[in-house]
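Please read the structure below before turning to the comments.
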Amino acid sequence: MKKFLFSILFLPVLASAQFTDDFSDGDFTNNPIWSGDTSRWEVLNFQLHSIDSIASDTFYLSTPSALATTAQWEFWINLAFNTSSTNYVKVFLTSDMANLKGNNSGYFVELGNTADNLVLYKKNGATSTALITGAGGVLNHSNNILKVKITRDASNLWTLWRDTTGTGNYYKSEGTATDATFFTSSYFGLLVKQSTSSFFGKHYFDDFYAGPIIVDTVPPAVTSLNVISQTQLDVQFSEGVDSTRANKVSNYFASNGLGNPSSAKRDASNFSLVHLTFATNFQSGLWNTLTTDSVQDFSLNTMVQSVDSFLYYVPQKYDVVINEIMAHPSSVTSLPNYEYAELYNRTPYPINLSNWTFSASSTTKTFSSITLQPKSYLILCLTSAVSSFQPYGNTLGLFSSSTTLTDAGTTLTLKDQSGNLIHTVTYSDTWYQDANKGNGGWSLEQIDPNNFCGGKNNWRASVNPSGGTPGKINSINGLNPDNAAPKLLRAYPVAADTVQLFFDEPMDNTSLANLSAYIIDNGIGNPNYANPVAPDYSSVMIALASPISSGIIYTVTVNSSVKDCAGNSIGIKNSARFALAQPASRNDIVVNEVMFDPLDNGVEWTEIYNRSDKIIDLKEISVCNLSSSGNFSNIKQIAPSGFLIFPGDYFVLSTDQSAIKAQYSTPNPEGFIDMSSFISLSNDSAYVILINASQNIIDSLHYSSGWELPLLSSSKGISLERINYDMPTQDATNWHSAAESVGGATPAYKNSQYTAGETGNEITISPEVFSPDNDGYNDVLTINYSFDNPGLVGNVQIFDSRGRLIKNLVRNELLAASGTFFWDGITDEKTKARIGIYVIWLEVFDDKGNVKKYKKSCVVAGKL
């Protein structure tokens, strides 16, 4: 607030009648001396502050001042309340008495009262007469900060000024009046009227000046240019300017053929601002110069010619990108322990972010007036964390809640003032690609800011020792261009006449809207419309020319006009099937493979298989556990947005398919479904249950770690595979450890231990020679049976060549008419059977005591 003093340093030695007080000495009892209700005042932070706590009170301070004519009075004031008829301030410029509560005479400015305005009064004893009445509503705010100036010239012309910026640089006249009633003064002072406790301690004063009229000799200058539209430019001056020169179009000239503006108009309320309009459009991305000359201030000081640059630029999609995300702050690293997101301006142009929006999940915040300079960064953080991040670079307090950037992931969206998408990122806690850093304290950084749609492939955890790089180039910054053709992953009928197509990455929304890009077979042809789905446009809704029919499988094909957001045309994976789904019955879909003890940095997963001839919507299917009380628990809907599984399809369910693909090979990379969360798969045992929307069981598995091959040195990273999906799920002999020769798992394709359950005449075995070494080739012996009569009970035993019993495979089991047993070459002692010949003894009997006995031989082989 101590700004005005420099302007009087060059004045002659002032007469004793004048005074100044900026309270920089910390009191109001010296130089000058204020008197009156002194117990109701203090100096706080070098400002005069009221501390009166009496309701319906009037209190004052005054100081000797003989200044009354050819003078200027000026002061700063902050009234931190809405003024009213019982809550206002009177500033006495002149008074013949020290006690301002009496019938004194002089001139005063009243701030407040019913009209919430500024009024200059003449007071003659008990009578007050308004001389200048300012605009109403000026003080109708909860916090009123302003600078006030009053002048009286030699002709007794009074002028009242106010500056609501509180700086004294933007005074606006409240009016003039001529009065010559009083020519002498003894005191200057303040009188405060307050009603209730709501107004206690809310009066602040500073920078008092009473002295000769300060003559302005400093000319105005252009301080900034602000492009408003393609034809409008605002010129900001250092002070208020006279409208005669400010509104003259010949005083402004722009380069690049723009010439003089077609109109120039000083702002109606901000006299330091001039609005220019040009007849010719500004060219986007082209720098222009504006020459400004001959404009004058209110004291008729003429400016020095000014040449300033301005740029009109329409920000394009991806000009500004979301470049870094701290979703899970922690004190384990040295960065401030707050969430933040970072924006980066990729262009060589400054970009005005005024009224842009930033959304995280359901929270949307609007930017204030802020410009992001070329190739620079902006840190977005909590409003309470601004001071912590300012040392790192440009910072904007945007969030009010520390849960805006969720740890597990969410969608972040940046839009311009017209609601056009600039950039969007849907991050996940799997993007760290480092389990330790995913636990907190490390930011997610974008590798290549020019690969703005790269998704997980273009993000990973920061490697900066501090945990992140807010406000500067990312620690993992590098070239990572997107040169891969996009793929059409699947098609899903959301209705009989509407199909949603899903791609493997964000797409160019303009190309997605091209109707001729799509052709549907079975006589449907091109769609009626195509509506890209915001915000990342990785899918599109197409309306069919005619509805699809039940029982028919349709194919949609997308041509090369469809591109991803990097401009790559769609590749050979450009078609997808769809059809109307049918409800799933028991065992239509089965649990086919389980990974309950994944490798380090891996995830738990379950593979499902459609063994039916139905097309089933996985939106209707959930996977869950079973609680100790026997109730379904941890229920997870597989595909909330809909997902078709066709006959013979395998799909892996997990939270992170990329982690699985990084550890295992698969010929079916599209056979994965990422779920937001997954069931619990204990290393000991757990239930894996598939249920429909009515919570009817489709399939149920209660696996045990004892089902793993005992010969394994470690089962970590080895899945448990179903041998035959037509055999009972809960049959322990129908499960086997995946072959090590395939890497320990077969995600999204045929199991390494799969064996077809063939039936033949009575009893058959295959292969007659098998090698249970878990190499994926003939690891399991298949024992097939087929009887004419159902309801038989059977026993299966295995003997070595010396007649010793080594395995009781089946004991008193009720048999179907046909079926299959499996032997993995493991004895009852949990050891591998030695190489040699073995006898399979099978005995079956019915309830009448009829018995049949069978003997088959096999060979256990192995590497020598």
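The values are calculated or read from the model by the stated rules, or taken from the named source; none is laboratory data. Keep in mind that what you see is a predicted model, and the values were worked out from it rather than measured. Virtual Cβ from ideal backbone geometry, glycine too; neighbours counted across all protein chains shown. Please note that ligands, DNA and RNA were not included when accessible areas were found on the heavy atoms of the full protein model with its side chains. Shrake-Rupley method; radii C 1.70, N 1.55, O 1.52, S 1.80 Å.
Report, in debye and to the nearest 20, how large the dipole of segment 531-652 comes out about its Cα centre when Lys and Arg carry +1 and Asp and Glu carry -1 on their Cβ. Intermediate results must be reported in sequence, preceding the final value.
Numbers: 8 positive and 12 negative charges, 94 e Å.
For this selection, approximately 460 debye.
Quick one: grab the alpha carbon gyration tensor of segment 583-739, order the square roots of its eigenvalues as a ≥ b ≥ c, and give me rounded if a/c is under 1.5, else prolate or oblate depending on whether a/b is larger than b/c. Write out the running numbers ahead of the final one.
Working: a/c = 1.40, a/b = 1.24, b/c = 1.13.
Rounded is the answer for segment 583-739, as its axis ratio a/c remains below 1.5.
For the chain, what does the helix formula give at 222 nm: sum of -39500 (n - 2.57) over DSSP H segments with n ≥ 4, over the residue count, nearest 500 deg cm²/dmol?
Values: 4 runs with 19 residues, N = 864.
The helix-only estimate for the chain comes to -500 deg cm²/dmol at 222 nm.
Lys/Arg Cβ at +1, Asp/Glu Cβ at -1, dipole of the chain taken about the Cα centre: which of Ser35, Phe845, Pro647 is farthest positive-ward?
Selected residue: Ser35.
In the structure shown, do any of Lys614/Lys750; Lys573/Lys716; Lys456/Lys661; Lys456/Lys573 have a Cα-Cα gap over 23 Å, and if so which?
Numbers: Lys614/Lys750 19 Å; Lys573/Lys716 35 Å; Lys456/Lys661 14 Å; Lys456/Lys573 21 Å.
Distance filter (> 23 Å) returns Lys573/Lys716.
Quick one: net charge around Pro449, please, counting Lys, Arg +1 and Asp, Glu -1 for every other residue with C-beta under 15 Å from its C-beta. Could you put the intermediate results ahead of the total?
Values: positive: Lys317, Arg346, Lys375, Arg460, Lys472; negative: Asp319, Glu324, Glu342, Glu445, Asp448, Asp482.
Within the 15 Å Cβ shell, the charges total -1.
Which order do you get for Glu604, Glu620, Glu829, Glu110 if you rank them by accessible area with a 1.4 Å probe, largest at the top? Provide the component values of the computation, followed by the final result.
Values: Glu604 60, Glu620 90, Glu829 145, Glu110 15 Å².
Result, largest first: Glu829, Glu620, Glu604, Glu110.
Glu110: net charge of surrounding residues, Cβ under 15 Å, Lys/Arg +1, Asp/Glu -1, itself excluded?
Details: positive: Lys90, Lys101, Lys122, Lys123, Arg162, Lys193; negative: Asp116, Glu174.
Combined, the nearby Lys, Arg, Asp and Glu give +4.
What are the semi-axes of the equivalent ellipsoid of segment 738-822, taken as the square roots of 5 times the eigenvalues of the Cα gyration tensor, listed largest first and rounded to whole Å?
Values: eigenvalues 135, 64, 25 Å².
After scaling each eigenvalue by five and taking roots: 26, 18, 11 Å.
Using only the C-alpha atoms of segment 392-474, find the volume of their convex hull and express it per residue in Å³. Before the final figure, lay out each step's value.
On the way: hull volume 10.0 nm³, N = 83.
So the per-residue Cα hull volume is 120 Å³.
Starting from the Cα gyration tensor of segment 425-471, take the square roots of the eigenvalues, sort them a ≥ b ≥ c, and report rounded, prolate or oblate (rounded when a/c is under 1.5, otherwise prolate if a/b is larger than b/c, else oblate).
Values: a/c = 2.27, a/b = 1.32, b/c = 1.72.
The shape class here is oblate.
Under Stokes-Einstein, with the Kirkwood radius over Cα pairs standing in for Rh, what whole-number D in µm²/s applies to segment 461-509 at 4 °C and 1.567 mPa s?
Numbers: Rh = 14.8 Å.
My calculation gives 88 µm²/s for D.
Hey, if we sort Glu42, Glu445 by accessible area with the 1.4 Å probe, largest down, what's the order? Working shown, then result.
Working: Glu42 60, Glu445 0 Å².
Per-residue accessible area, sorted high to low, gives Glu42, Glu445.
Starting from the Cα of Lys415, draw a straight line to each of the lysines and keep only those under 18 Å, dropping any in the same chain fewer than 8 residues away.
By straight Cα distance, Lys415 reaches Lys317, Lys365.
Just to be sure I understand: of the beta bridges DSSP finds with both ends in the chain, what percent are antiparallel, rounded to 5? If you can, show how the numbers build up before the last one.
Details: 226 of 235 bridges.
Roughly 95 percent of the DSSP beta bridges within the chain come out antiparallel.
Just check the chain against the gyration tensor rule for me: Cα atoms, a ≥ b ≥ c as the square roots of the eigenvalues, rounded for a/c under 1.5, and otherwise prolate or oblate depending on whether a/b exceeds b/c.
Working: a/c = 3.73, a/b = 2.72, b/c = 1.37.
Because a/c hits 1.5 or more and a/b exceeds b/c, the chain counts as prolate.
Compute the distance from the alpha-carbon center of segment 482-539 to that of segment 803-864, in whole Å.
Here the two parts' Cα centres lie 55 Å apart.
Quick test of your reading: applying the under-4.7 Å Cβ rule, which cysteines of the chain are isolated?
Those would be Cys381, Cys624, Cys858, since no other cysteine Cβ in the chain comes under 4.7 Å of theirs.
Within the P(r) computed for segment 279-364, what percentage of the Cα pairs occupies the region above 20 Å?
Numbers: 2264 of 3655 pairs.
Cα-Cα pairs of segment 279-364 separated by over 20 Å account for 62 percent.
Taking a 1.4 Å probe, which of Val91, Val304 shows the most accessible area, and what order do the others take after it? Show your work: numbers first, answer last.
Working: Val91 0, Val304 110 Å².
If we order Val91, Val304 from most to least accessible, we get Val304, Val91.
In whole Å, how far is the Cα centre of segment 51-107 from that of segment 203-255?
With segment 51-107 and segment 203-255 each reduced to a Cα centre, they are spaced 31 Å.
Students often forget the sequence filter, so: which lysines lie under 25 Å Cα-Cα from Lys101 once same-chain residues fewer than 8 apart are removed?
Lys90, Lys122, Lys123, Lys147, Lys149, Lys193, Lys202
With +1 on each Lys and Arg Cβ and -1 on each Asp and Glu Cβ, how big is the dipole of the chain about its Cα centre, in debye rounded to the nearest 20?
Numbers: 54 positive and 79 negative charges, 144 e Å.
My answer is approximately 700 debye.
Using a Cα-Cα cut-off of under 16 Å, which lysines could be cross-linked to Lys830, ignoring same-chain neighbours fewer than 8 residues away?
Straight-line reach from Lys830, under 16 Å: Lys807.
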